[in-house]
Ligand code: ADP
């Protein structure tokens with residue numbers, strides 16, 4: 001049986017003041033890492049990270065949920081961006097969403113034959129989104145589990161890359177500029193993957 005995060009970590013409530021409805025999330029790694037299961041569109045954080053496609057014009061999964069909640073103005077801004085390459089990110093306003101900005105990142109479509117290339121692209125998603133957050137002076141960033149839905153990335157491998165890329169960034173100079181990075185899971189398979197992998201990168205204090 002997979003241990004739940006609450007067994008692995010002391011449950012510390014995240015300060016709700018900058019984070020709105022996030023006070024049920026768990027914080028670890030001196031409070032710099034949070035994990036929450038639920039709908040990313042409800043989070044009043046600095047930036048939420050959308051798992052977009054190269055067109056940036058909306059799609060299914062979390063992309064569809066974000067566009068529905070933001071309202072029709074979001075796609076109008078996205079139309080001006082000229083798309084986005086795999087492994088890269090672009091930033092927009094949030095419109096009706098409660099966050100301050102939306103970062104749209106394009107994950108790889110998983111292909112076992114090109115595993116290394118997929119891994120580098122997924123790592124690029126996390127790195128470029130974190131860079132954009134810092135450049136825009138945003139203090140908190142919440143990631144959806146990029147590529148693990150329609151794009152087919154196996155959840156355990158994707159969670160490992162997410163944790164590794166975020167840890168590398170937080171350990172670097174720009175990492176000090178972020179207050180909190182939150183992993184948002186939606187489906188059980190991703191919640192399970194993070195509960196297994198997160199403690200390896202961010203040991204419970
Ligand atoms: P991709 O095409 O990159 O695989 P998907 O949107 O299909 O993108 O899935 C990415 C992740 O987002 C999946 O783990 C999926 O369960 C999750 N997801 C779907 N809807 C939401 C939501 N409203 N909030 C947070 N995560 C979501």
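Using Cβ contacts closer than 10 Å as the measure, can you line up 103, 48 from fewest to most?
103, 48
Contour minus end-to-end for residue 76 and residue 112, with contour as 0.36 nm per residue of separation and end-to-end as the Cα-Cα distance? Each step should come with its number before you reach the end.
On the way: separation 36, 0.36 × 36 = 12.96 nm, distance 3.51 nm.
Extra length from residue 76 to residue 112 when fully extended: 9.4 nm.
Hey, what does the equivalent ellipsoid look like for the range 151-201, semi-axes from the Cα gyration tensor as sqrt of 5 times each eigenvalue, largest first, whole Å?
Values: eigenvalues 95, 23, 19 Å².
Square roots of five times the eigenvalues give 22, 11, 10 Å.
Over all Cα pairs of the range 49-193, how is the pair count split among 5 Å bins, expressed in % and running from 0 up to the last occupied bin?
2, 10, 21, 24, 22, 14, 6, 1, 0
Taking other Cβ within 10 Å of each residue's Cβ, how do 110, 126 sort, fewest first? Present the calculation step by step, with values, prior to reporting the outcome.
Working: 110 19, 126 26.
Fewest to most other Cβ atoms nearby, the residues stand as 110, 126.
Counting other beta carbons within 10 Å of each residue's own, what order do 67, 104, 127 fall into, fewest first? Write out the running numbers ahead of the final one.
Values: 67 22, 104 25, 127 19.
Least to most surrounded, the residues fall as 127, 67, 104.
Quick one: Cα convex hull volume of the range 109-191, Å³ per residue? Present the calculation step by step, with values, prior to reporting the outcome.
Working: hull volume 7.1 nm³, N = 83.
Convex hull volume per residue, Cα atoms: 86 Å³.
Each value in this text was obtained by applying a stated rule to the coordinates, not by laboratory testing. Owing to the predicted nature of the structure, the values given are computational and were not obtained by experimental measurement. Here the Cβ is made from the backbone with ideal geometry for all residues, glycine too, and neighbour counts use every protein chain on show.
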